[in-house]
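Enquirer: If you scroll down you'll find the structure; I have some questions about it.
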Amino acid sequence: MYTGFQHLHSGIAYLVLLILVGVVIYAAMNFINNKPFTEKSRKISLIGLIAAHTQLLIGLVLYVISPVGLSNFSGEAMGDAMSRLYMLEHPLTMIIGIVLITIGYSKAKSGDDDAARHKKIFIFYGLGLFLILLRIPWSVWPGM
C-alpha cells in the first residue's frame, strides 16, 4: 500500500503542478488584459484548488503510512537533512502553500472588482505554487 501511494503522490504531482502553473498564467493574463472575472475564471481556479487539495489528501495518507513520515518524527531524525525534509519541511510547506491557494480562491469568490479578483488568484496561487516548488524533493523525484 505504501509503494502504491508513493507512486500515486509522485505521479499526480506532475498534473497538479501543470494545473497550478496554468491557473497562475490564466489569472495573470486576465489581470493584465483587464478581463472580467467570469464563471469560467472561477471554475479554472476551482480546478486548481481541487487538484491541490486532492494531492494534499494523498500526501497526508502517505505521511501517516510512510516509514519516513510521522513514524520517523524524533529529535534524532531532525539532525538528518533528508529525514527532516520528509517528516517536517515538505509536509509543512505544502500545507502552507495549499492554505494560500485556498485563501486566494475564497477571497476571489467575493468582490465586485474583476481585476482585483484575478490579482488575488494570481498572487495567492502564485505564492502557494512557489512554496510547493520550493519543497519538492527534486533529488529523488521520479523522472528528474
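The values are calculated or read from the model by the stated rules, or taken from the named source; none is laboratory data. Treat the numbers as computed from the prediction; the structure is a model and nothing was measured. With ideal geometry, Cβ positions are generated from the backbone for all residues, glycine too; neighbour counts draw on all protein chains shown. Surface areas here come from the heavy atoms of the whole protein model, side chains and all, with no ligands, DNA or RNA. Shrake-Rupley method; radii C 1.70, N 1.55, O 1.52, S 1.80 Å.
Enquirer: Give, as ranges by residue number, the residues of the stretch 103-144 whose backbone N falls under 19 Å from the point 7 Å along Cα→Cβ of Asn33.
Expert: 114-123
Enquirer: Dipole size in debye (nearest 20) for the chain around its Cα centre, Lys and Arg Cβ +1, Asp and Glu Cβ -1?
Expert: 480
Enquirer: With label points built 7 Å along Cα→Cβ from the Cα atoms of Met82 and Asp113, find their separation and express it in nm.
Expert: Going from the Met82 label point to the Asp113 one covers 4.9 nm.
Enquirer: Over the Cα atoms of the chain, how large are the radius of gyration and the largest Cα-Cα distance (Dmax), in Å?
Expert: Rg, Dmax (Cα atoms, Å): 16.7, 53.
Enquirer: Roughly speaking, to the nearest percent, how much of the chain's 1.4 Å accessible area is carbon and sulfur?
Expert: 70
Enquirer: In whole Å, what is the distance between the alpha-carbon centres of the stretch 1-61 and the stretch 78-132?
Expert: 11
Enquirer: Test of understanding: in a Gaussian network model of the chain with alpha carbons linked when under 10 Å, which of Gly22, Gly75, Gly126 would top the mean-square fluctuation ranking?
Expert: Residue with maximal mean-square fluctuation among Gly22, Gly75, Gly126: Gly75.
Enquirer: Could you put Tyr63, Tyr125 in order of accessible surface area, largest first, with the 1.4 Å probe and the full protein assembly present?
Expert: Sorted descending by solvent-accessible area, the residues read Tyr63, Tyr125.
Enquirer: Next up: Residue-wise, which Karplus ³J(HN,Hα) couplings in Hz belong to the stretch 21-27, taking 6.51 cos²θ - 1.76 cosθ + 1.60, θ = phi - 60°, and x for glycine or proline?
Expert: Per residue, the Karplus-derived 3J(HN,Hα) values read 4, x, 5, 5, 5, 4, 5 Hz.
Enquirer: In addition: Accessible area per residue for the chain in Å², computed with a 1.4 Å probe and the full protein assembly in place, what is it?
Expert: About 56 Å² of surface per residue is accessible.
Enquirer: Turning to a different aspect of this structure: Which listed residue (Phe37, Ile50, Leu88) has the Cα farthest towards the positive end of the charge dipole for the stretch 28-100, taking +1 on Lys and Arg C-beta and -1 on Asp and Glu C-beta about the Cα centre?
Expert: Going by the charge dipole, the pick is Phe37.
Enquirer: Just the Kirkwood number for the stretch 48-92, please: inverse of mean 1/r across all distinct Cα pairs, in Å, one decimal.
Expert: 10.9
Enquirer: Ordered by residue, what ³J(HN,Hα) values in Hz, to whole numbers, does the stretch 63-72 give under the Karplus form 6.51 cos²θ - 1.76 cosθ + 1.60, where θ = phi - 60° and Gly and Pro are x?
Expert: 4, 6, 8, 7, x, 9, x, 4, 5, 8
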